[in-house]
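This report refers to the structure that appears directly beneath it.
The values are calculated or read from the model by the stated rules, or taken from the named source; none is laboratory data. The structure displayed is predicted, hence computed values, not measured ones. Positions of Cβ are backbone-derived with ideal geometry, glycine not excepted, and every protein chain shown enters the neighbour counts.
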Amino acid sequence: MTMRLREALRLRRGDRVSFCDSGYNRSANWWAQGEVLFVTRRGGVRVKVIDEAPWVGPAEYSRRHGNWETWVPYHHIGG
């Protein structure tokens, strides 16, 4: 289930969220967890990536720990 705009606007700095590269969970290639830094009025979320992992793929990719920031649309957040 993806997040709705009204739920995204309730996010606060420091909240942990999981997000993917697609608005449809079934077609996601990777998932990541991050900490919310900023939320715009239209639902754009600035996230500091803490942990990322491929959804499917060979074992050599395993988990990677990130320390980078990215913009995520609110409908890509959820689980």
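The residue pairs whose first member lies in segment 14-38 and is in a loop (DSSP other than H, G, I, E, B) and surrounded by 15 or more Cβ atoms within 10 Å (Cβ to Cβ), whose second member is at pLDDT below 85 and aliphatic (A, V, I, L, M), and whose beta carbons are closer than 7 Å, counting only pairs six or more residues apart or on different chains, are S22/A28.
Just wondering, is there one or more residues in segment 46-68 that are assigned to a loop (DSSP other than H, G, I, E, B), over 14 Å from the mean Cα position of the chain (by Cα) and at pLDDT 70 or above?
From segment 46-68, those assigned to a loop (DSSP other than H, G, I, E, B) are 55-58, 62-63, 66-68; that's our starting set.
From the residues that got through so far, the ones that are over 14 Å from the mean Cα position of the chain (by Cα) too are 56-58, 62-63.
Still in the running and at pLDDT 70 or above: none.
No, segment 46-68 contains no residue that is assigned to a loop (DSSP other than H, G, I, E, B), over 14 Å from the mean Cα position of the chain (by Cα) and at pLDDT 70 or above.
Looking only at residues in segment 1-34 that are modelled with pLDDT of 75 or more and small (G, A, S), the one that is farthest from D51 (Cα to Cα) is A8.
Name the residues in segment 69-79 that are outside any strand (DSSP E or B) and at pLDDT 85 or above, would you? Can you show your working first?
Our first condition is that a residue be outside any strand (DSSP E or B); within segment 69-79, this holds for 74-76, 79.
Once the filter is applied, which keeps residues that are outside any strand (DSSP E or B) and at pLDDT 85 or above, segment 69-79 yields Y74, H75, H76.
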